[in-house]
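The values are calculated or read from the model by the stated rules, or taken from the named source; none is laboratory data. Every value quoted in this text rests on a predicted model; they were computed, and no experiment measured them. Neighbour counts are summed over all protein chains in view; Cβ atoms, including those assigned to glycine, are modelled from backbone coordinates with ideal geometry.
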């Protein structure tokens, strides 16, 4: 039989519907992030579901084709993350549809997010403004060079539950607002170090399991020397294993230290904001600066 097969085939479009991210199977969420090459484990998805809210896009047979989440930090500010669409849908408006639903759920709020290159145009179309670059540094950690001793007159130790209130207050100027709920959750799942001068907290760092290994962040400190001091024992603990640091610092002593520890720049994303009063803090007036983020979704 002589059958001529057409070179192209038109497939009818299918409809999608919203569902809450908490109501879908965890393995479907994991499969979505795997499809776009993101490192999140099922455990990382569950961690984010416990901290935030979000929606997924389901096709007509219930497959998860996209996601978007938000994480509240008080009444008027949230970070956004986990905006993912299946590769086959990345040019058909699904991501914007999800984002519009998230923004509609949070009227009057200001937002901060970290945008991949592919997503920047979308966020600009929603009036997000570019702020700064985040450098994703990662690799097999090497034991830090140099002395392990803290700066003169300082003590470094693992943080205790009784230190949590001080950490929350210390972190707030660098992050932009207090984030007690999220820091409390990070505190119990992380290895935490603090640098003290007398009873005064001068720097703190946390690291936890994530993706291919561990992530080091947040790191908040009053100076770059103190940021390095609380990063050093974290890197030492994870030497020989995969470690990731997300930082706004491309150059200078902190970036140099991270890269000497075997964590070169792997990729970049762009911090963008919508609304007022949600920029990361800067050095000065004895206020801590964030040298490393908790994650690209949490900030």
Only one of 153, 81, 93 that is farther than 26 Å from residue 264 by Cα and in the same structural domain as residue 38 (by TED's automatic domain parsing) | 93
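Pick from 179, 160, 197, 142: which is in contact (Cβ under 8 Å) with a residue 60 or more places away in the chain, over 22 Å from residue 243 (Cβ atoms) and not assigned by TED's automatic domain parsing to the domain that holds residue 77?
One residue alone meets the criteria, 179.
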In region 174-201, what residues are touching a strand residue (DSSP E or B) at 6+ places or on another chain (Cβ under 8 Å), outside any helix (DSSP H, G or I) and under 16 Å from residue 162 (Cα atoms)?
-> 190, 191, 192, 193, 194, 195, 196, 201
Residue match in region 39-50 (condition: closer than 21 Å to residue 106 by Cα and surrounded by 15 or more Cβ atoms within 10 Å (Cβ to Cβ)) | yes
Give the number of residues within region 260-286 that are part of a loop (DSSP other than H, G, I, E, B), in contact with a helix residue (DSSP H, G or I) (Cβ under 7 Å, 6 or more places away or on another chain) and closer than 30 Å to residue 109 by Cα.
-> 2
Go through region 218-259 and give me each residue that's closer than 16 Å to residue 136 by Cβ, touching a strand residue (DSSP E or B) at 6+ places or on another chain (Cβ under 8 Å) and not in a helix (DSSP H, G or I).
-> 218, 219, 242, 243, 244, 245, 246, 247, 248, 249, 250
Taking residue 99 as the residue in question, decide whether it is under 18 Å from the mean Cα position of the chain (by Cα) and farther than 23 Å from residue 254 by Cα.
-> yes
